[in-house]
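Participant: First, the structure itself, so that you have it in front of you.
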Amino acid sequence: MAIEFTNLGKPAPNGNLLIVDGLNLAFRWKHQRKEFYKLEYVRTIESLAKSYNCGEIVVLGDGGSDYRKSIDPEYKANRKERYADQTEEERLEFEQFMAEFQKTFELCNDKGYLTIRYNGVEADDIAAVICLAREELGLDDIWLVSSDKDWDLLVNENISRFSTVTRKETTMDNWDEHYDFDPDYYLTFKCLTGDKGDNVPGVSGIGPKRATGLIQDYGDVFDIMTTLPIESRYKFMQNLNEFGADRLATNIELMDLTYDPDAQVCGRQNEIIGLVENYVSKN
């Protein structure tokens with residue numbers, strides 16, 4: 001029997017684009033321990049596209065990051081340890097989840113969404129390439145669908161993020177509700193605090209409050225790097241000196257989604273832009 005979908009239609013002309021962090025969204029159903037979720041997944045995307053008046057939809061897959069692992073082999077190495085501790089039941093559940101996601105990804109393609117995935121390339125970086133080419137592609141606004149706060153590096157006047165976990169938006173208009181510094185300093189904040197989920201170290205003793213204070217006192221990460229070493233009796237400042245400019249520079253390469261877009265997508269920048277351009281023009 002043929003599958004029937006809700007038909008919300010094209011809610012907008014080519015002006016607005018919805019970019020979905022594909023696997024990130026799928027984890028919504030994994031946490032609910034739902035074995036089959038592809039129809040709900042598609043309905044969720046359609047609903048978000050209608051809510052944000054997006055006539056075009058891109059769903060991104062995640063293939064890991066050859067680029068970042070070449071910079072730091074420890075990047076996301078903690079995840080292997082986590083999976084190594086799984087029970088046989090947990091391993092089978094995860095395999096089933098990933099199999100269902102593959103079917104879901106294929107269904108999105110069948111629905112007419114543009115789906116993009118490359119081995120060795122993270123969804124974050126594909127999203128960054130598209131966002132950086134927004135004007136070139138003739139797009140007005142872009143809505144990012146991801147619970148990953150790393151994507152806030154891409155937020156600007158025309159690009160916003162919605163989290164299906166918190167059900168909250170991050171936009172330029174409400175940025176101050178989420179952070180105590182301007183968007184230009186978000187990379188600095190990330191470089192100082194690190195990212196435990198991605199196994200990117202931060203400075204010991206520096207959390208959100210102290211990172212914000214350092215931004216207020218010294219400026220962005222490049223200003224901090226040129227100021228080091230900083231004399232201080234405080235242990236966290238001594239830790240910052242020991243962390244050093246070189247490690248901060250490594251964190252910039254690992255965490256800045258706009259650092260070297262073509263390298264981050266393994267030389268596929270023009271190909272990705274071409275895929276989106278062709279997709280938008282046909283719709």
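Here is a yes/no grid of residues against (1) charged (D, E, K, R); (2) on the phi > 0 side of the Ramachandran plot:
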residue	(1), (2)
Gly202	no, no
Gly207	no, no
Arg210	yes, no
Leu214	no, no
Gly219	no, yes
Thr227	no, no
Met237	no, no
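Participant: Of the residues in segment 80-139, how many are among the basic types (Lys, Arg), surrounded by 18 or more Cβ atoms within 10 Å (Cβ to Cβ) and closer than 14 Å to Arg268 by Cα?
Facilitator: The qualifying residues number 0.
Participant: Let me ask something else about it. Go through segment 67-94 and report how many residues are out of contact with any strand residue (DSSP E or B) (no Cβ under 9 Å at 6 or more places or on another chain), modelled with pLDDT of 85 or more and not basic (Lys, Arg).
Facilitator: Total meeting the criteria: 13.
Participant: Related question: What number of residues within segment 74-125 satisfy the criterion of being without any contact (Cβ under 8 Å) to a residue 60 or more places away in the chain and touching a Gly at 6+ places or on another chain (Cβ under 6 Å)?
Facilitator: Residues flagged as without any contact (Cβ under 8 Å) to a residue 60 or more places away in the chain and touching a Gly at 6+ places or on another chain (Cβ under 6 Å) within segment 74-125 amount to 1.
Participant: A further question follows. Can you go through Gly274, Gly267, Gly213 and tell me which one is under 30 Å from Asn109 (Cα atoms) and assigned to a helix (DSSP H, G or I)?
Facilitator: Working: Gly267 fails: assigned to a helix (DSSP H, G or I); Gly213 fails: under 30 Å from Asn109 (Cα atoms).
Sole residue among the options that is under 30 Å from Asn109 (Cα atoms) and assigned to a helix (DSSP H, G or I): Gly274.
Participant: On to the next question. Please go through segment 141-175 and pick out each residue that is closer than 19 Å to Phe27 by Cα and β-branched (Val, Ile, Thr).
Facilitator: Val145, Thr164, Val165, Thr166
Participant: Quick check: is even one residue across segment 5-21 aromatic (Phe, Trp, Tyr), under 28 Å from Val121 (Cβ atoms) and either modelled with pLDDT of 95 or more or in a loop (DSSP other than H, G, I, E, B) (or both)?
Facilitator: No, there is no match, as no residue in segment 5-21 is aromatic (Phe, Trp, Tyr), under 28 Å from Val121 (Cβ atoms) and either modelled with pLDDT of 95 or more or in a loop (DSSP other than H, G, I, E, B) (or both).
Participant: Which of the residues spanning segment 163-200 are within 11 Å of Met255 (Cβ to Cβ) and small (Gly, Ala, Ser)?
Facilitator: The answer is Gly194, and nothing else.
Participant: Further, regarding this structure: Here's a check for you: in segment 227-283, which residue that is aromatic (Phe, Trp, Tyr) and in contact (Cβ under 8 Å) with a residue 12 or more places away in the chain is farthest from Glu136 (Cα to Cα)?
Facilitator: Phe236
Participant: Let me ask another. Answer with yes or no whether Thr166 is in the same structural domain as Pro73 (by TED's automatic domain parsing), of a type in the set (Val, Ile, Thr), surrounded by fewer than 17 Cβ atoms within 10 Å (Cβ to Cβ) and at pLDDT 95 or above.
Facilitator: Answer is yes for this residue.
Participant: Here's something else I'd like to know. Criterion first (within 15 Å of the chain's Cα centre (by Cα) and farther than 23 Å from Ala26 by Cβ) does Tyr186 satisfy it?
Facilitator: yes
Participant: Does Asp152 satisfy being out of contact with any helix residue (DSSP H, G or I) (no Cβ under 7 Å at 6 or more places or on another chain) and free of Cβ contacts under 8 Å to residues at least 60 places away in the same chain?
Facilitator: Taking the combined requirement at face value, the residue does not satisfy it.
Participant: Looking at (1) surrounded by fewer than 22 Cβ atoms within 10 Å (Cβ to Cβ); (2) of a type in the set (A, V, I, L, M); (3) in a helix (DSSP H, G or I), which is the only condition Met172 fails?
Facilitator: (3)
Participant: Starting from segment 34-47, take each residue that is touching a residue at least 12 places away in the same chain (Cβ under 8 Å) and list its partners that are surrounded by fewer than 20 Cβ atoms within 10 Å (Cβ to Cβ) and not in a loop (DSSP other than H, G, I, E, B), counting only C-beta distances under 6 angstrom and pairs at least six apart or across chains.
Facilitator: Lys38/Lys103; Lys38/Leu107
Participant: Condition test on Glu242, is it surrounded by fewer than 14 Cβ atoms within 10 Å (Cβ to Cβ), assigned to a helix (DSSP H, G or I) and among the acidic types (Asp, Glu)?
Facilitator: Spelling it out, Glu242 is indeed surrounded by fewer than 14 Cβ atoms within 10 Å (Cβ to Cβ), assigned to a helix (DSSP H, G or I) and among the acidic types (Asp, Glu).
Participant: OK, next. Go through (1) in contact with a helix residue (DSSP H, G or I) (Cβ under 8 Å, 6 or more places away or on another chain); (2) surrounded by 13 or more Cβ atoms within 10 Å (Cβ to Cβ); (3) more than 15 Å from Gly22 (Cα to Cα) for Arg161 and report which single condition fails.
Facilitator: Arg161 satisfies every listed condition except (3).
The values are calculated or read from the model by the stated rules, or taken from the named source; none is laboratory data. Fair warning: this is a prediction, and the values are worked out from it, not measured in the lab. Glycine gets a Cβ as well: all are built from the backbone with ideal geometry, and neighbour counts include every protein chain shown.
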